[in-house]
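Below is one structure; the comments refer to it alone.
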Amino acid sequence: MKIIVALKQVPARDSQLKVAPSGKWIDESDLTFEINEPDAYALEEALQLKEKHGGEVIVLCAGPERAASSIREALAKGADRAIHIEEDDLGAYDTLALARVLAKAAETEKPDLVLTGLQSDDLGSGQTGVVMAELMGLPHATIIMQVELAGAGLRVKRELEDGWFQFAGMPLPALLTIQSGINKLRYATLMGIKKAKSKEIRRLTAADLGVPPRSTVTVAGIFAPPRMKQTQILDGSPREAAAKLVEKLKFEARVI
Amino acid sequence: MNGILVVTETGLNGLHKMSLETVAAGQQLSRELGQPVSAAVFLTAPLSAKLDRVYRVQHDLLSAYTADGYTAALEALIHQADPAVVLFPHTYQVRDFAPKLATRFGQVLISDIIGVHEGKWRRQLFQGKLNADFLPQPGTRVFASIQAGAFRADQLEAGAAPEEIFSPALDPSLLRQKPEPPFRESARAVDLSAADVIVSVGRGIKEQDNIPVVEELAKALGAELAASRPICDNGWLPMERQVGSSGQTVAPKVYVAVGISGAIQHLVGMKGSKTIVAINKDPNAPIFEVADYGIIGDLFEVVPALVDEVKKARG
Ligand SMILES: Cc1cc2nc3c(=O)[nH]c(=O)nc-3n(C[C@H](O)[C@H](O)[C@H](O)COP(=O)(O)OP(=O)(O)OC[C@H]3O[C@@H](n4cnc5c(N)ncnc54)[C@H](O)[C@@H]3O)c2cc1C
């Protein structure tokens, strides 16, 4: 089975974010970056499917030069090779234009299965996978918590709301967006890191793929959210703050 | 292109609760833009709201949801009704098909919006740490999905609407997904909704071995222990203690969020709590937007001190 995993590099989770002078994106200068968490689960799922059924795992990533570190990490964990669509200014591509870039690159590989995370931790649109599926003419399913091969197709477990789930079948090739927690992430081994150095990374640009930048939706500005509620901050040393909170719990909330 | 079309969602027991919030949003937008507002309703779920039209979308192939079926049906409806704005509730089902539908029209869905002001559609970035305003290109059809709680169902203008049956032509071969009936994993042994006090732990706890730190607090307060999703994903606490859109919805007298950032999927499960306490080392964590009381600090220092103080107060 030939599996493509589309993954994105995003700022590390506990980053302190500052708005850039342009007012349209964050200041990326002092940040560290990592693989978007749901994408890491998508990669793991692909690696487990390959281990069970054989085949090849190809990482597909659009991003600036720095994204190469995440691609290397994916190769070190066991992906076979990678396609890096190297673009410094992906801000000029909206979700649809970027999905076009990814779909074009993915199509050349004729994959049996395309996996991606259900959303990115930065933009959080939750759309790239679904739009890719539409552009590639593939059946898809989202928020997936289990993947099985069933005959010539797939049987997948979709997460629904309030603790409900549902299985659904579909033919291959197909695209799935993977939910965090579907599996247990592995760490790269030293051997894996060594091997990754000799694995192929094909570098392309969006122009090579013939997809021009396009934005039907543009960012007017980003800013810190206004406080909706007046939070009473209980300050002082941990002990003082704790004592103040106990007062509140005792005399206002009346639960002590 | 004119007017607003609200695509509602029908759940297992009638309209999904976020559908009414979305209808309220559609009515508000209709007043602001001076344009008509209609709604699309699948199956026979009743909807009583002041609307210019209700489309009853009906077809045997739509009795169970599939992304392919819903996309094809709504594509046909949009061609017929020709709305300038299409609104959806940002549910798991909408996440599954609305991006595909917008793509059919060469548009990008503006997903999970929290408001719209003067043509700017506002949504969160970085799991609620920042907000962004998005501008659709003028003259293009807008597709937008609305975050839970961003508009209020009690602002819905009641009334009636002329109903029209819309029966799209659908070919069974279009529907590639074959859904099985929905199910729940196991009977819930823990009913968090009955608890007066809940201590809920998030990824700030760092390791499974640290869980006793918050267990102590729950014990001292006589509280149930709950968690954010990553804690349950990791198996540090059982799934049935997860609070949020995929887990339980709770509204205790006091909810103490320890090391939880406050992503929307968590907030929808607990923001109805009477008093919310947040303990977090990051003063900008979105959880402070809903908290009544906050302690900014390291939970490994604050929580043990709190356990002592609670025990002292209890005598
Ligand atoms: C479709 C979907 C469904 C989802 N369903 C759910 C759901 O049902 N429930 C749910 O909870 N989530 C759900 N999520 C995930 C959600 O988006 C968030 O990723 C999750 O809630 C984050 O959990 P967290 O706050 O524990 O972790 P993080 O976001 O990583 O936050 C950890 C927090 O701990 C703080 N911290 C770190 N160290 C310390 C310390 N020493 N002392 C004090 N504070 C510290 C940090 O400042 C940070 O604010 C869902 C996501 C999706 C896409």
task = For A:Gly221, list long-range residues whose amide hydrogen, built 1.01 Å from N in the peptide plane, is under 5 Å from its own amide hydrogen.
result = B:Asp133
query = Under a Cβ-Cβ cut-off of 13 Å, what is the net charge of the residues other than A:Gly153 that fall near it, where Lys and Arg count +1 and Asp and Glu count -1?
reply = +1
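So which of B:Lys100/B:Lys253; A:Lys104/B:Lys206; B:Lys50/B:Lys253; A:Lys110/A:Lys197; B:Lys50/B:Lys120; A:Lys199/B:Lys178 end up more than 30 Å apart by C-alpha?
Values: B:Lys100/B:Lys253 42 Å; A:Lys104/B:Lys206 40 Å; B:Lys50/B:Lys253 36 Å; A:Lys110/A:Lys197 25 Å; B:Lys50/B:Lys120 25 Å; A:Lys199/B:Lys178 38 Å.
Going by Cα-Cα distance, B:Lys100/B:Lys253; A:Lys104/B:Lys206; B:Lys50/B:Lys253; A:Lys199/B:Lys178 fall outside the 30 Å limit.
Name the shape class, rounded, prolate or oblate, that the alpha-carbon gyration tensor gives for region A:22-172, where a ≥ b ≥ c are the square roots of its eigenvalues, rounded holds for a/c under 1.5, and otherwise prolate holds if a/b is larger than b/c and oblate otherwise.
Values: a/c = 1.67, a/b = 1.45, b/c = 1.15.
In terms of gyration-tensor shape, prolate.
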Convex hull of Cα atoms in chain A, direction-averaged projection (nm²) = 18.3 nm²
query = Counting other Cβ atoms within 10 Å, which GluC sites (Glu not before Pro) in region B:11-116 have at most 14 and lie in a DSSP loop?
reply = none
note = Expressed in nanometres to one decimal, the distance between label points 7 Å along Cα→Cβ at A:Lys195 and B:Asp308 is 5.2 nm
message = Test of understanding: in a Gaussian network model of chain A with alpha carbons linked when under 10 Å, which of A:Gly117, A:Gly23, A:Gly55 would top the mean-square fluctuation ranking?
response = A:Gly23
task = Provide, as a two-decimal number, the C-alpha radius of gyration of region B:192-313 over 2.2 N^0.38 Å, N being how many residues it has.
result = 0.93
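Please figure out what share of the DSSP beta bridges in the protein assembly as shown is antiparallel and state it in percent, rounded to the nearest 5. List each step's numbers first, then the result.
Working: 38 of 112 bridges.
Around 35 percent of the beta bridges assigned by DSSP in the protein assembly as shown are antiparallel ones.
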ask   = With r defined as the distance between the Cβ atoms of B:Lys206 and B:Glu118 and R0 fixed at 35 Å, what FRET efficiency is calculated, to the nearest 0.05?
value = 0.20
query = Whose amide H sits under 5 Å from the amide H of A:Arg202, counting only residues 5 or more places off or on another chain, with H placed in the peptide plane?
reply = A:Ala82, A:Ile83, A:His84
query = Residue by residue, what Karplus-based ³J(HN,Hα) values in Hz, rounded to whole numbers, does region B:66-75 have, using 6.51, -1.76 and 1.60 with θ = phi - 60° and x for Gly and Pro?
reply = 9, 4, 5, x, 5, 5, 5, 5, 6, 4
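Strictly greater than 35 Å: what percent of every Cα pair in chain B meets that? Mind dumping the intermediate values first?
On the way: 15341 of 49455 pairs.
Cα-Cα pairs in chain B separated by more than 35 Å: 31 percent.
What is region A:189-256 by shape, rounded, prolate or oblate, if you read a ≥ b ≥ c off the alpha carbon gyration tensor as root eigenvalues and call it rounded for a/c under 1.5, prolate for a/b larger than b/c, and oblate otherwise? All intermediate terms of the calculation are to be shown ahead of the outcome.
Numbers: a/c = 5.41, a/b = 1.94, b/c = 2.80.
Oblate shape, in that a/c is at least 1.5 and b/c is the bigger or equal ratio.
How would you classify region B:105-170 from its alpha-carbon gyration tensor, with a ≥ b ≥ c the square roots of the eigenvalues: rounded for a/c under 1.5, else prolate if a/b is greater than b/c, otherwise oblate? Don't skip to the answer; put the middle values down first.
On the way: a/c = 2.12, a/b = 1.37, b/c = 1.55.
Oblate shape, in that a/c is at least 1.5 and b/c is the bigger or equal ratio.
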key: Neighbourhood net charge (12 Å Cβ-Cβ; Lys/Arg +1, Asp/Glu -1) for B:Pro83   = 0
inquiry  = Looking at chain A as a GNM with Cα springs under 10 Å, which of A:Val217, A:Val57, A:Val156 has the largest mean-square fluctuation?
reply    = A:Val217
task = Report, to the nearest 10°, how far helix B:17-33 tilts away from the longest principal axis of the Cα atoms in chain B, using its own Cα long axis and a range of 0 to 90°.
result = 60 degrees
message = Per-residue Cβ counts within 10 Å, from other chains only, averaged over A:163-172: what number is that?
response = 6
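Which order do peptides A:180-188, B:193-201 fall in by mean Cβ count within 10 Å, highest first?
Working: A:180-188: 16.8, B:193-201: 21.7.
Final packing ranking: B:193-201, A:180-188.
Using only atoms on other chains, find how many Cβ atoms lie within 10 Å of each Cβ of peptide B:132-145 and report the average. Mind dumping the intermediate values first?
Details: counts 9, 7, 8, 7, 4, 6, 0, 0, 2, 1, 2, 2, 1, 2.
What the average comes to for B:132-145 is 4.
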request  = Please determine, in degrees from 0 to 90 and to the nearest 10, the orientation of helix B:92-104 with respect to the longest principal axis defined by the Cα atoms of chain B, where the helix direction is its Cα long axis.
outcome  = 40 degrees
Hydrodynamic radius by Kirkwood, which averages 1/r over all alpha carbon pairs of region B:35-154, in angstrom = 15.4 Å
request  = Using only the alpha-carbon atoms of the protein assembly as shown, report the extent along each of the three principal axes, biggest first, to the nearest angstrom.
outcome  = 71, 68, 51
query = Check B:Val256: other-chain or 5+ apart residues with amide H under 5 Å from its amide H, H built from backbone geometry?
reply = B:Ile198, B:Val199, B:Ser200, B:Val277
ask   = Karplus couplings for region A:148-153 from phi (6.51 cos²θ - 1.76 cosθ + 1.60, θ = phi - 60°), rounded to Hz, Gly and Pro as x?
value = 10, 7, 9, x, 8, x
note = Per the rule of 0.36 nm per residue minus the C-alpha distance, extending A:Ala150 to A:Leu209 adds in nm 17.8 nm
key: Max mean-square fluctuation residue, GNM over chain B, Cα-Cα springs under 10 Å, options B:Ala161, B:Ala67, B:Ala305   = B:Ala305
ask   = Which aspartates and glutamates have a Cα less than 13 Å from the Cα of A:Lys52, not counting those fewer than 8 places away in the same chain?
value = A:Glu44, A:Glu148
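For peptide B:301-308, what's the mean number of Cβ atoms from other chains within 10 Å of each residue's Cβ?
Details: counts 5, 7, 2, 3, 9, 8, 1, 4.
Per-residue shielding by partner chains comes out at 5.
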task = Take the Cα coordinates of region B:81-135, assign each an equal point scatterer, and use the Debye formula without solvent to give log10 I(q)/I(0) at q = 0.19, 0.20 Å⁻¹.
result = -0.75, -0.82
inquiry  = Give me a comma-separated list of calculated 3J(HN,Hα) values for region A:200-208, in order, Karplus coefficients 6.51, -1.76, 1.60 applied at θ = phi - 60°, integers in Hz, x for any Gly or Pro.
reply    = 6, 10, 7, 9, 9, 10, 4, 5, 4
ask   = So how tilted is helix B:211-221 from the main axis of chain B? Cα-based, degrees 0 to 90, rounded to 10.
value = 80 degrees
Model label zone, B:Ala251; criterion: amide N under 13 Å from point 7 Å along Cα-to-beta-carbon; scope region B:151-187 = B:153-154
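Each reported figure results from applying straightforward, stated rules to the coordinates on display, with no laboratory input. Everything quoted here is computed from the prediction, not taken from an experiment. Methodologically, a virtual Cβ is constructed for each residue, glycine included, from the backbone with ideal geometry; neighbour enumeration extends over all protein chains shown.
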